[in-house]
Amino acid sequence: MAVLVYVAVVLAIAVLIFFFMKSSKEMPKNWSQFVSEMKVQQCGFVGIVEDILLRGSNKVKLYKQPGKIALITGGNRGIGLRIVKKLVECDIEVILGVRNPTEAKKVVEKYLEHSKLASGAKLHYEQLDIGSMKSVRTFAGKIQSKFDKIHILINNAGVMCVPFKLTEEGFESHMAINHYGHFLLTHLLLPQLRAAGTADCRARIVNVSSCVNKIGEMNYNDINMTKNYYPAEAYNQSKLAQVLFTKHINLQFEEDEEPIQSHSLHPGVVNTDLFEHSSTTYVPWVRQLLFKNPEQGSRTVMYAAIAPELEGKGGTYLSNCRVASCHRFWKNSVQCDKLFQFTCDTLGIKDFFHKAK
C-alpha cells in the first residue's frame with residue numbers, strides 16, 4: 001500500500017509539472033507533439049540546472065569603447081533593455097530597431113535615468129517589425145543612409161511558442177521573426193559591418209538563440225508546419241536555424257578573410273515576458289525562483305558582443321559566458337549550407353555576401 005501511495009504521489013507531481021511548466025498553453029494533439037513537449041521540458045530543466053551550477057562563469061567585463069556603434073533588434077524590454085544599458089556603460093552608440101520608437105524611447109530613457117546613465121547615452125530609435133521583410137528592408141535602408149559603420153549587430157528580438165500565425169508574406173511567425181528577418185537584416189548591413197571591422201578588431205554579429213536548438217529539426221518539406229503545428233516545434237526549428245546560419249556565415253568570413261565574426265548563444269532560462277504564452281504564467285513564482293533574471297540573461301549576449309578573448313574565435317556557440325555544445329548539425333557544414341541556401345531561396349537573396357562580380 002505504501003508503495004502505491006508513493007507512486008501515486010510521484011505521478012501526481014509529474015502531472016502537475018507537465019501542466020504548469022508546458023512550453024505553451026496548447027495541449028499536444030498527438031504522440032509526436034507530446035514527445036516534443038517532453039523534450040522541451042527536459043531541455044529546460046537541464047538549462048536551469050546548468051544556469052545554477054555555472055553562475056560563477058556567467059560574468060562579462062565591461063570596458064569603454066567610444067566610437068563604436070551597435071545595433072540591436074528589440075532592446076526596449078527583457079534582456080534587450082539590460083543589453084542596451086551595458087552598451088551605454090561601454091560608451092557605445094546604440095541603434096534600436098523597435099516596433100514603436102516613441103514608446104521604446106520612453107521606456108529606455110526612464111530605465112537609464114534610474115541607472116543615472118541617460119545623460120551620456122547616444123541612442124537612436126528606428127521603426128522595425130523584424131517579422132516583416134518589407135519593414136526590414138525599409139529599416140536597413142534608413143540605417144545605411146545614416147551610418148557608414150556598424151561594429152556590433154545583435155539580433156535579439158524574438159517570439160516563443162506563440163499560436164500559429166502566418167505573416168503577410170506567408171511565413172510562419174517563429175521563422176519570420178527569429179530567423180528570416182535577422183538573416184535578411186544581416187545580409188543588408190554586411191557593408192556597414194565590413195567597413196567597421198579590422199584585422200585586429202573584427203565586427204561582430206550576435207544571434208540570440210536558445211538551448212532548445214539542440215532538439216530542433218528543420219522541416220524543409222513543410223517549413224511553416226501547416227500540417228502538424230505545435231508551438232514548441234516551431235520555436236525549436238527557428239532557434240536551430242539561427243545556430244546553423246551563424247556557423248555558416250562565419251566559415252565564409254574566415255574563408256574570405258573578412259574582418260567579421262559571428263556568434264550564437266543561449267542567454268539562459270530567463271524570466272521575461274517571452275514566456276507569456278507558456279503555462280508558467282499560472283505559477284509565476286516558479287520562474288522568479290528558478291529562472292535567471294533579465295540582467296543575468298544579458299551577460300552572455302554582451303560577452304559575445306565585446307569579450308576580447310573571443311577575438312578571432314567566431315562561429316562559437318555560447319552559454320553562461322563560455323563556449324558550449326549545441327546541435328549535432330553545428331559541425332556539419334553540409335547541413336549549415338543547406339539551411340543557408342534554403343533561406344536565401346526563400347527570401348530571394350542572390351548574393352548574400354555582396355561579393356564583387
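Odds and ends about this structure:
- Within segment 52-84, the set of residues being assigned to a strand (DSSP E or B) and hydrophobic (A, V, I, L, M, F, W, C) comprises Ile69, Ala70, Leu71, Ile72.
- Cβ-Cβ distances below 8 Å connect the following pairs, each with a first residue in segment 194-208 that is within 19 Å of Ser264 (Cα to Cα), a second residue that is assigned to a loop (DSSP other than H, G, I, E, B) and among the aliphatic types (A, V, I, L, M), and a separation of six or more residues or different chains: Ala203/Ile150.
- Test: residue in segment 323-339 that is surrounded by 20 or more Cβ atoms within 10 Å (Cβ to Cβ), of a type in the set (S, T, N, Q) and at pLDDT 90 or above: no
- Residue in segment 271-294 that is assigned to a helix (DSSP H, G or I) and at pLDDT 90 or above present: yes
- Residue that is surrounded by the fewest Cβ atoms within 10 Å (Cβ to Cβ) [pool: residues in segment 184-198 that are under 20 Å from Ser145 (Cα atoms) and of a type outside the set (A, V, I, L, M)]: Pro191
- Taking the criterion of being among the aliphatic types (A, V, I, L, M), within 12 Å of the chain's Cα centre (by Cα) and closer than 18 Å to Val301 by Cα, the residues of segment 163-218 that qualify are Ile205, Val206, Val208, Val212.
- For segment 43-72, the set of residues classified as under 20 Å from Asn236 (Cα atoms) and surrounded by 14 or more Cβ atoms within 10 Å (Cβ to Cβ) consists of Cys43, Gly44, Phe45, Gly47, Ile48, Glu50, Asp51, listed by residue number.
- Residue count for segment 222-264 satisfying the condition of being in contact with a Phe, Trp or Tyr (Cβ under 6 Å, 6 or more places away or on another chain) and either farther than 25 Å from Ala324 by Cβ or free of Cβ contacts under 8 Å to residues at least 60 places away in the same chain (or both): 1.
- Flag: Lys142 matches the condition of being without any contact (Cβ under 8 Å) to a residue 24 or more places away in the chain, of a type in the set (Lys, Arg), surrounded by fewer than 24 Cβ atoms within 10 Å (Cβ to Cβ) and out of contact with any helix residue (DSSP H, G or I) (no Cβ under 7 Å at 6 or more places or on another chain).
- Of all residues making up segment 124-158, the number that are aliphatic (A, V, I, L, M), closer than 18 Å to Gln192 by Cα and in contact with an Asp or Glu (Cβ under 9 Å, 6 or more places away or on another chain): 2
- Enumeration of residues in segment 69-84 that are modelled with pLDDT of 95 or more and in contact with a strand residue (DSSP E or B) (Cβ under 7 Å, 6 or more places away or on another chain): Ile69, Ala70, Leu71, Ile72, Thr73, Ile79, Gly80, Ile83, Val84
- Residue in segment 219-230 that is surrounded by 22 or more Cβ atoms within 10 Å (Cβ to Cβ) and either aliphatic (A, V, I, L, M) or closer than 18 Å to Tyr303 by Cβ (or both) present: no
- Count of segment 309-357 residues, restricted to those that are assigned to a helix (DSSP H, G or I), within 13 Å of Lys247 (Cβ to Cβ) and not acidic (Asp, Glu), is 11.
- Answer residue from segment 111-124, given it is among the hydroxyl-bearing types (Ser, Thr, Tyr) and within 22 Å of Gly297 (Cβ to Cβ) and is surrounded by the fewest Cβ atoms within 10 Å (Cβ to Cβ) among those: Ser115
- Residue match in segment 26-42 (condition: open to solvent by 60 Å² or more (accessible area, probe 1.4 Å), in contact with a Ser or Thr (Cβ under 8 Å, 6 or more places away or on another chain) and more than 23 Å from Thr186 (Cα to Cα)): no
- Within segment 296-322, tally of residues that are of a type in the set (A, V, I, L, M), surrounded by fewer than 23 Cβ atoms within 10 Å (Cβ to Cβ) and more than 16 Å from the chain's Cα centre (by Cα): 2
- All positions within segment 90-110 that are on the phi < 0 side of the Ramachandran plot, out of contact with any helix residue (DSSP H, G or I) (no Cβ under 6 Å at 6 or more places or on another chain) and open to solvent by 40 Å² or more (accessible area, probe 1.4 Å): Glu93, Arg99, Asn100, Thr102, Glu103, Lys105, Lys106, Val107, Lys110
- Considering the conditions (1) free of Cβ contacts under 8 Å to residues at least 60 places away in the same chain; (2) closer than 28 Å to Ser32 by Cα, Val323 is excluded by exactly one of them, (2).
- For beta carbons closer than 6 Å, sequence separation of 6+ or different chains, a first residue in segment 55-67 that is within 23 Å of Gly268 (Cα to Cα) and a second that is open to solvent by 100 Å² or more (accessible area, probe 1.4 Å), the qualifying pairs are Ser57/Arg322.
The values are calculated or read from the model by the stated rules, or taken from the named source; none is laboratory data. Note that the structure is predicted; figures quoted are calculated from it, not measured. No Cβ is skipped: glycine too gets one built from the backbone with ideal geometry, and neighbour counts run over all protein chains shown. Each accessible area value is taken on the protein alone, full model and side chains, heavy atoms only, with ligands, DNA and RNA left out. Shrake-Rupley method; radii C 1.70, N 1.55, O 1.52, S 1.80 Å.
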